[in-house]
Amino acid sequence: MLEKTFQPLEIEEKHYKEWEDSGVFACAPESDAVPYCIMMPPPNVTGSLHMGHALNTTLQDILVRYSRMNGKDTLWQPGTDHAGIATQMVVERQLDEKGVHRRDLGREAFLDKVWEWKEQSGGTIVNQLRRLGATPDWDRERFTMDEGLSKAVLKVFVQLYKEGLIYKDKRLVNWDPKFHTAISDLEVESKETKGHMWHIKYPIDGEEGRFITVATTRPETMLGDTAVAVHADDERYKALIGKSVRLPIADRLIPIVADEHADPEQGSGAVKITPAHDFNDFEVGRRHDLPMINVLDIDAKMNENVPEAYQGLDRFDARKKILEELEELGLLEKVDDHVLAVPYGDRSGVVIEPFLTDQWYVDTPTLAKPAIEAVRSGKTTFHPKQYENMYFAWLENQLPWCISRQLWWGHQIPAWYDEDGNVYVEESEEAAQAAAGEGVKLTRDEDVLDTWFSSALWPFSTLGWPEADKDDIVKRYYPGNVLVTGFDIITFWVSRMMMMGIHFMDEVPFKDVYIHALVRDSKGQKMSKSKGNVIDPLELIGKYGTDALRFTLTAMAAQGRDVLLSEERVEGYRNFSTKLWNAARYCEMNDCKPVSDFDPNAVSYGLNQWIIGATLQAKTAIEKAVETYRFNEAASAIYQFTWGMFCDWYLEFSKPLLWEDNKDDALKAETRATTGWVLDQILTLLNPFMPFITEELYASMAERGGDRLLASSWPEYDESLLKQEAMDEADWLIRVISEIRSVRADMNVPAGAKIDLLVKEAGAQTEERLKKYNEILCRMARLENISLTDDTPKGAIQAVLDEATLILPIADIIDLDKERARLQKQIDKLNKDIKQIDQKLANEKFLANAPEEVIAEQRTRKSDAEDVINKLSNALKQLEDAA
RNA sequence: GGGCGGUUAGCUCAGCGGUAGAGCACUUGCUCGACACGCAAGGGGUCACUGGUUCAAUCCCAGUACCGCCCACCA
């Protein structure tokens with residue numbers, strides 16, 4: 001006997017272990033089955049499970065479970081990402097606590113420490129994914145720094161270099177002064193900050209007392225100024241073009257140049273040009289062939305290129321000192337308040353400096369073109385479609401991608417330099433040596449690659465590319481069917497996988513991209529540790545069970561929207577699992593179980609035919625929703641069917657059939673078998689969404705033996721299961737009963753005054769139909785506290801009628817005025833409806849243009865309304881009489 | 001500054017050219033033989049505003065107002 005409530009925690013671990021041991025997660029490359037492949041976005045190895053992972057993983061798990069049930073050879077490729085900066089940071093911090101700095105350890109020893117850390121703690125997230133019931137092919141788990149994946153990185157780098165698509169260049173990069181590395185544009189977060197705009201007077205050389213005023217938000221960079229730019233058409237400054245100014249403090253002569261970058265409308269119209277510390281100025285500097293003076297060191301302190309008094313000062317201290325000195329010199333014209341966007345490193349949280357260095361770049365503008373084309377031509381489709389705009393917008397405005405990082409943890413760049421500075425890019429040191437010539441002393445580039453470089457190769461590197469003996473696997477599972485991910489990494493990851501996939505595999509990496517929303521808290525705030533509003537998925541799992549969390553996330557995963565998670569919602573779906581549990585308990589108590597030779601098509605009783613047909617409809621709705629990635633609709637369909645149909649109506653209707661007073665044993669057996677069959681179907685249909693409870697209930701059905709639901713197949717039904725007559729009758733019955741209940745409840749009496757009218761309507765139906773539903777009416781009568789003594793159909797109805805009539809003189813029970821007003825209100829509303837319909841039906845244009853069925857519908861609505869008005873009027877009259 | 005999205009019940013959200021939907025919350029009545037994590041009934045909406053297209057607009061188009069997000073070098 002099942003307990004009264006479902007205890008998820010007791011069984012989740014057990015079932016997960018059984019599943020994993022059974023080997024069903026594994027793909028079967030040798031099989032004849034159609035392959036289906038999803039690449040799991042590899043979580044950071046440093047990560048721990050958050051709601052985003054929970055949502056992402058749940059949706060993928062639904063897809064792969066569904067795919068397996070449909071007999072496909074399913075590969076869900078799991079793994080983790082080495083997460084360059086994040087991981088190095090974690091290990092460095094640990095070392096710091098022991099008073100050790102990585103530079104003291106040296107590269108080799110430090111990397112050993114990182115690997116050590118990875119072995120010990122790197123598995124956290126992967127085990128947390130198991131708690132979610134995720135079923136990826138764990139045997140194939142990969143890590144972006146695995147040997148095989150590293151080989152792929154080498155090959156890709158070398159090939160792109162030889163094709164001229166990777167190159168080294170001296171440009172401005174976003175420099176992180178804390179981590180001492182370049183970072184990509186995407187890793188920079190700009191924050192609005194209140195600052196100041198300083199207007200500084202630069203003395204014009206040779207013209208005592210004349211100045212040109214420049215405006216800046218960053219006065220400290222003036223020490224690196226190499227020009228002042230004005231617009232060629234700016235009347236104020238036209239005459240000054242070609243002259244020089246004497247740069248204060250630094251005491252250098254710099255030219256005044258004409259450049260369109262100077263906007264006469266902005267500031268003073270004259271701009272100081274600091275090519276080594278500003279992206280715009282860098283471009284201006286290139287146009288005018290200006291010297292580039294770097295005034296900062298890697299810590300963003302002033303370097304040896306500034307006057308001695310400033311050397312070694314932090315940039316912000318230098319700013320103060322510069323301003324003081326300018327003030328003293330009387331060169332500070334004015335200060336305005338100004339709001340500006342200040343760049344911060346998304347990992348380090350410190351202000352990023354544009355910094356002039358040598359870095360490696362990928363020619364993304366070139367690689368982007370086919371990636372754009374692939375989406376335009378529909379080779380890859382985004383769901384929802386609007387995210388394609390984001391994808392295009394980003395790829396179309398590509399700047400070269402800076403891929404080198406001054407870190408140790410990551411894929412070291414396969415470039416070697418000889419003593420003359422010549423570079424040799426090869427897959428191994430031997431190959432580089434061969435290229436350089438014997439005896440040439442080579443040193444390897446110290447830098448490593450951006451962590452997203454290896455992630456970009458994930459869809460094929462995990463399959464074994466470029467190893468020749470893995471060709472079959474690559475061919476079988478590439479391209480994948482769908483990528484499931486959040487919109488925040490379309491730029492970081494999706495577009496780069498597209499570029500690399502197309503370039504190296506000649507084919508897009510996935511056919512569909514399903515973009516799900518970000519999970520936010522119930523107030524719509526992004527969950528973040530600093531806000532303290534993080535809801536820990538594991539906590540919710542502990543409280544409500546994995547199934548409840550999974551179902552909540554699924555039900556809320558509408559396309560293109562943020563997912564606002566509230567605990568109440570999870571509780572609601574936990575209640576759903578309890579409901580299902582108790583339905584199964586009912587089945588157990590009434591000995592309703594699947595019968596092996598049960599043929600749903602051979603069922604004779606209308607009620608049973610109806611629920612079988614409804615099962616088919618639910619199944620169709622669910623699969624349509626899953627296949628179009630409308631997860632919330634799928635969840636809603638199975639929820640509605642299970643609770644709203646099966647439990648609320650079918651089980652209630654069928655109860656009298658199973659009771660002792662029903663002597664029809666054949667009917668009893670059929671009803672038991674049908675009930676068991678439907679429960680079995682529900683468990684199967686619900687399994688991808690709520691794997692644990694369905695598995696547990698499935699196992700609890702004794703006949704199952706060692707079967708596992710996970711390995712069973714998605715139901716296939718014959719369309720002929722849908723018996724229209726039975727469906728219509730059930731609809732009718734549900735409507736009538738609802739109406740009877742409504743009337744009763746409205747009048748707040750044991751049986752309503754108007755109940756007779758409704759029962760009369762029931763009586764007007766065919767004798768046959770009444771006979772069929774006699775038992776149900778008995779059941780109804782019981783629920784409605786009406787005693788039925790005669791067991792003939794007519795007698796039953798008559799008894800209800802008598803009962804109703806008995807209670808007719810009820811003036812002392814109900815509030816007549818209130819009831820009268822209520823009825824009148826309903827009548828008025830219906831009259832208004834009818835008036836509207838009449839207007840429509842009188843409209844010639846409507847009659848001429850509207851489709852037949854719409855017109856017919858309006859007519860039906862009108863006559864229905866008229867009928868109801870009649871009934872209501874009668875009831876009103878009876879009320880008066882009774883009074 | 002550019003782009004994208006949102007505005008539907010008290011809350012969180014579905015929906016969609018032709019009778020406004022769900023869950024939660026709320027009100028009322030129920031220990032009736034699966035389930036109070038339950039059952040039954042009920043209240044509550046000019047579908048942001050203004051125009052346009054249409055026989056018909058919550059839905060399509062344009063504009064307005066708020067609210068988000070992304071991108072951007074405004075010194």
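The values are calculated or read from the model by the stated rules, or taken from the named source; none is laboratory data. Quick caveat, the model's predicted, so the values are computed rather than measured. Cβ atoms come from the backbone with ideal geometry, glycine included; neighbour counts cover every protein chain shown. SASA here: full protein model, heavy atoms, side chains in, ligands and nucleic acids out. Shrake-Rupley method; radii C 1.70, N 1.55, O 1.52, S 1.80 Å.
Does any residue in the stretch A:1-18 that is open to solvent by 100 Å² or more (accessible area, probe 1.4 Å) come within less than 8 Å, Cβ to Cβ, of a residue that is aliphatic (A, V, I, L, M) six or more places away or on a different chain, and which pairs are these?
Short answer, once both residue conditions are applied: A:M1/A:M589.
For the stretch A:636-681, enumerate the residues that are without any contact (Cβ under 8 Å) to a residue 12 or more places away in the chain, of a type outside the set (A, V, I, L, M, F, W, C) and assigned to a helix (DSSP H, G or I).
Once the filter is applied, which keeps residues that are without any contact (Cβ under 8 Å) to a residue 12 or more places away in the chain, of a type outside the set (A, V, I, L, M, F, W, C) and assigned to a helix (DSSP H, G or I), the stretch A:636-681 yields A:G644, A:D648, A:D665, A:K668.
Please tell me if A:D471 is closer than 21 Å to A:V158 by Cβ, touching a Leu at 6+ places or on another chain (Cβ under 8 Å), surrounded by fewer than 22 Cβ atoms within 10 Å (Cβ to Cβ) and modelled with pLDDT under 90. I'd like the intermediate steps shown before the answer.
Numbers: closer than 21 Å to A:V158 by Cβ: yes; touching a Leu at 6+ places or on another chain (Cβ under 8 Å): no; surrounded by fewer than 22 Cβ atoms within 10 Å (Cβ to Cβ): yes; modelled with pLDDT under 90: yes.
In short, no.
Here are some conditions: (1) open to solvent by 20 Å² or more (accessible area, probe 1.4 Å); (2) at pLDDT 90 or above; (3) aromatic (F, W, Y); (4) within 12 Å of RNA strand B (Cβ to nearest atom). A:W649 meets all but one. Which one does it not meet?
(2)
Any chance the stretch A:323-343 includes a residue that's under 23 Å from A:W175 (Cα atoms) and of a type outside the set (A, V, I, L, M)?
First, pick out the residues of the stretch A:323-343 that are under 23 Å from A:W175 (Cα atoms): A:339-343.
Pick out the ones that are also of a type outside the set (A, V, I, L, M) and you get A:343.
Yes, because at least one residue in the stretch A:323-343 is under 23 Å from A:W175 (Cα atoms) and of a type outside the set (A, V, I, L, M).
All but one of (1) of a type in the set (A, V, I, L, M, F, W, C); (2) more than 16 Å from RNA strand B (Cβ to nearest atom); (3) at pLDDT below 90; (4) out of contact with any Lys or Arg (no Cβ under 8 Å at 6 or more places or on another chain) hold for A:L395; which doesn't?
Only one criterion in (1) of a type in the set (A, V, I, L, M, F, W, C); (2) more than 16 Å from RNA strand B (Cβ to nearest atom); (3) at pLDDT below 90; (4) out of contact with any Lys or Arg (no Cβ under 8 Å at 6 or more places or on another chain) is unmet by A:L395, namely (2).
Answer with yes or no whether A:E633 is of a type outside the set (F, W, Y), within 25 Å of A:M556 (Cβ to Cβ), part of a helix (DSSP H, G or I) and open to solvent by less than 10 Å² (accessible area, probe 1.4 Å). Reasoning before the result, please.
Values: of a type outside the set (F, W, Y): yes; within 25 Å of A:M556 (Cβ to Cβ): yes; part of a helix (DSSP H, G or I): yes; open to solvent by less than 10 Å² (accessible area, probe 1.4 Å): no.
Taking the combined requirement at face value, the residue does not satisfy it.
Which one is farthest from RNA strand B (Cβ to nearest atom) among residues in the stretch A:161-171 that are touching a residue at least 24 places away in the same chain (Cβ under 8 Å) and out of contact with any helix residue (DSSP H, G or I) (no Cβ under 8 Å at 6 or more places or on another chain)? Outline the logic, then answer.
Just the residues of the stretch A:161-171 that are touching a residue at least 24 places away in the same chain (Cβ under 8 Å), to begin with: A:161-162, A:164-171.
Filter once more, keeping what is out of contact with any helix residue (DSSP H, G or I) (no Cβ under 8 Å at 6 or more places or on another chain): A:161-162, A:164, A:168-170.
On the way: A:Y161: 25, A:K162: 29, A:G164: 25, A:K168: 22, A:D169: 17, A:K170: 18 Å.
Looking at the filtered set, the residue picked out is A:K162.
What pairs come out if I take residues in the stretch A:172-188 that are farther than 18 Å from A:W409 by Cα and pair them with residues that are assigned to a strand (DSSP E or B) and among the small types (G, A, S) whose C-beta lies under 6 Å away, six or more apart or interchain?
Close Cβ pairs (under 6 Å, with a partner that is assigned to a strand (DSSP E or B) and among the small types (G, A, S)) amount to A:V173/A:A182.
With the structure loaded, tell me whether A:W409 is outside any strand (DSSP E or B) and either touching a residue at least 12 places away in the same chain (Cβ under 8 Å) or more than 12 Å from RNA strand B (Cβ to nearest atom) (or both) or whether it fails that test.
Values: outside any strand (DSSP E or B): yes; either touching a residue at least 12 places away in the same chain (Cβ under 8 Å) or more than 12 Å from RNA strand B (Cβ to nearest atom) (or both): yes.
It is true that A:W409 is outside any strand (DSSP E or B) and either touching a residue at least 12 places away in the same chain (Cβ under 8 Å) or more than 12 Å from RNA strand B (Cβ to nearest atom) (or both).
Looking only at the stretch A:463-498, which residues are assigned to a helix (DSSP H, G or I), away from RNA strand B (no atom under 15 Å from the Cβ) and either among the hydrophobic types (A, V, I, L, M, F, W, C) or touching a Gly at 6+ places or on another chain (Cβ under 7 Å) (or both)?
Kept after step one, since they are assigned to a helix (DSSP H, G or I), are these residues of the stretch A:463-498: A:468-477, A:487-498.
Filter once more, keeping what is away from RNA strand B (no atom under 15 Å from the Cβ): A:468-477, A:497-498.
A:A468, A:K470, A:I473, A:V474, A:M497, A:M498, listed by residue number.
Taking the stretch A:253-287 on its own, how many of its residues are in a helix (DSSP H, G or I) and either without any contact (Cβ under 8 Å) to a residue 12 or more places away in the chain or open to solvent by less than 60 Å² (accessible area, probe 1.4 Å) (or both)? Walk me through how you get there before you give the answer.
Here is the first cut: in the stretch A:253-287, the residues in a helix (DSSP H, G or I) are A:279-287.
Now narrow it down to the ones that are either without any contact (Cβ under 8 Å) to a residue 12 or more places away in the chain or open to solvent by less than 60 Å² (accessible area, probe 1.4 Å) (or both): A:281-282, A:284-286.
The number of residues fulfilling the criteria is 5.
Looking only at the stretch A:420-448, count how many residues are open to solvent by less than 50 Å² (accessible area, probe 1.4 Å), under 16 Å from A:Q159 (Cβ atoms) and in a loop (DSSP other than H, G, I, E, B).
2
If I ask for residues that are hydrophobic (A, V, I, L, M, F, W, C), within 24 Å of the chain's Cα centre (by Cα) and farther than 14 Å from A:P509 by Cα, which ones from the stretch A:441-463 would you list?
Looking only at the stretch A:441-463, we keep the residues that are hydrophobic (A, V, I, L, M, F, W, C), and these are A:442, A:448-449, A:452-453, A:456-458, A:460, A:463.
Filter once more, so that each one left must be within 24 Å of the chain's Cα centre (by Cα): A:452-453, A:456-458, A:460.
Within the stretch A:441-463, A:W452, A:F453 qualify.
Looking only at the stretch A:330-383, which residues are part of a helix (DSSP H, G or I), within 16 Å of RNA strand B (Cβ to nearest atom) and either open to solvent by less than 40 Å² (accessible area, probe 1.4 Å) or among the hydrophobic types (A, V, I, L, M, F, W, C) (or both)?
Matches in the stretch A:330-383: A:T364, A:A368, A:I372, A:V375.
In the stretch A:19-36, which residues are open to solvent by 30 Å² or more (accessible area, probe 1.4 Å) and within 20 Å of A:L132 (Cβ to Cβ)?
A:E20, A:D21, A:S22, A:G23, A:V24, A:A26
Between residues in the stretch A:451-464 that are closer than 13 Å to A:V494 by Cα and touching a residue at least 24 places away in the same chain (Cβ under 8 Å) and residues that are open to solvent by 10 Å² or more (accessible area, probe 1.4 Å) and of a type in the set (S, T, N, Q), which pairs lie under 9 Å by C-beta distance while being six or more apart or on different chains?
Every condition considered, the pairs that remain are A:S454/A:S150.
If I ask for residues that are at pLDDT below 80 and either in contact with a Gly (Cβ under 9 Å, 6 or more places away or on another chain) or surrounded by 17 or more Cβ atoms within 10 Å (Cβ to Cβ) (or both), which ones from the stretch A:658-707 would you list?
Once the filter is applied, which keeps residues that are at pLDDT below 80 and either in contact with a Gly (Cβ under 9 Å, 6 or more places away or on another chain) or surrounded by 17 or more Cβ atoms within 10 Å (Cβ to Cβ) (or both), the stretch A:658-707 yields only A:M701.
Yes or no, residue by residue, for (1) more than 8 Å from RNA strand B (Cβ to nearest atom); (2) over 48 Å from the mean Cα position of the chain (by Cα); (3) at negative phi:
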| residue | (1), (2), (3) |
| --- | --- |
| A:E857 | no, no, yes |
| A:K862 | yes, no, yes |
| A:D867 | yes, yes, yes |
| A:N874 | yes, yes, yes |
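Each row is one residue, and each column tells you yes or no for (1) more than 16 Å from RNA strand B (Cβ to nearest atom); (2) in a helix (DSSP H, G or I); (3) modelled with pLDDT of 90 or more; (4) among the aliphatic types (A, V, I, L, M).
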position	(1), (2), (3), (4)
A:T5	no, no, no, no
A:I11	no, yes, no, yes
A:C27	yes, no, no, no
A:P41	yes, no, yes, no
A:G47	yes, no, no, no
A:G52	no, yes, no, no
A:L55	no, yes, no, yes
A:I62	yes, yes, yes, yes
A:R65	yes, yes, yes, no
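I'd like to verify a number: residues in the stretch A:214-250 that are over 16 Å from A:T274 (Cβ atoms), more than 10 Å from RNA strand B (Cβ to nearest atom) and open to solvent by 10 Å² or more (accessible area, probe 1.4 Å), how many? Can you show your working first?
As a first pass, look at the stretch A:214-250 and keep what is over 16 Å from A:T274 (Cβ atoms): A:231-244, A:246.
This time we only want the ones that are more than 10 Å from RNA strand B (Cβ to nearest atom), so: A:232-233, A:235-244, A:246.
This time we only want the ones that are open to solvent by 10 Å² or more (accessible area, probe 1.4 Å), so: A:232-233, A:235-239, A:241-244, A:246.
Counting residues in the stretch A:214-250 that are over 16 Å from A:T274 (Cβ atoms), more than 10 Å from RNA strand B (Cβ to nearest atom) and open to solvent by 10 Å² or more (accessible area, probe 1.4 Å) gives 12.
Can you report the number of residues in the stretch A:465-499 which are in contact (Cβ under 8 Å) with a residue 12 or more places away in the chain and either over 21 Å from A:V45 (Cβ atoms) or of a type in the set (S, T, N, Q) (or both)? Spell out how you get there, then give the answer.
Initial filter on the stretch A:465-499 (in contact (Cβ under 8 Å) with a residue 12 or more places away in the chain): A:465-467, A:472-474, A:476-499.
Subsequent filtering for residues that are either over 21 Å from A:V45 (Cβ atoms) or of a type in the set (S, T, N, Q) (or both) retains A:465-467, A:472-474, A:476-482, A:485, A:487, A:490-491, A:495, A:498-499.
Total meeting the criteria: 20.
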